[in-house]
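What follows is calculated from the coordinates using simple rules that are stated; it is not laboratory data. These numbers were taken from a predicted model, which means no experiment stands behind them. Counting neighbours? That spans all protein chains shown, and the Cβs are built from the backbone with ideal geometry, glycine included.
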Amino acid sequence: MDIAILPSLLAADYGCLAEECRRVAAAGADALHVDIMDAHFVPNLSFGPDVTAMAHRTVPGLPLHVHLMMTHPHLLMDRFIDAGAASLLIHVEAACDLSRTLAQIRQSGVRTGLTLKPATPAAAVFPFLAEVDEVLVMTVEPGYGGQPFLPGMLAKLADIRREADRLGQGKLGLLVDGGINNGTAADCAAHGANGFIAGSALFRLADMRAGVSEMRAATTAAYGRMCQG
């Protein structure tokens, strides 16, 4: 299983976002994670299509992994696709026709994904596993960065990985976001996660390249230990 490290732009220095995007690309990250918050689905506002487009112009070779924390993602998803999203994730709790919205995203040539809030059970995404390229398990309550990791989400990761394997979806990307550092990332990897979205743990480093390399090594070594059976 390929391991992916995705620094989250939410933790960047907003006074120099273009420079921060270049720093992520130079660090050897697999993608740049962009959180989109609508102040309705979650109690905060963040970036929009223009920031997404800026990132795409600045580092065109770095995939943009866009997470729509929106009540009605289907109303704006085309703007993020046009802005350069390589992956577009919507919430299983969103107020839209999930299958139809995922199909529209896929038809645009963009990777599809579903995200779960901490209180949402793993089984909520089981009916859609054949329709997505990846699932993102929030390991904090979505809306704000800097929150502590919720260890209760580890069992959810293992449940999703086992169900994906049972359905023949062994290549499903299983990502985590929230309180991710080398230690919590390794715990998540042991339970089946292979994609790690990290904010302050990477952006606070003077040497982000070393941080990305260390997280990749820690998660590669731990992958799958606790999700057998």
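The condition (being among the charged types (D, E, K, R), in contact (Cβ under 8 Å) with a residue 60 or more places away in the chain and within 30 Å of D165 (Cβ to Cβ)) is satisfied by just one residue among D97, D2: D2. Residues that are of a type in the set (K, R), surrounded by fewer than 20 Cβ atoms within 10 Å (Cβ to Cβ) and touching a Ser or Thr at 6+ places or on another chain (Cβ under 9 Å) are absent from the stretch 159-167.
For the stretch 188-224, the candidate set comprises residues that are under 14 Å from I3 (Cβ atoms) and of a type in the set (D, E, K, R); within that set, the residue that is surrounded by the fewest Cβ atoms within 10 Å (Cβ to Cβ) is E214.
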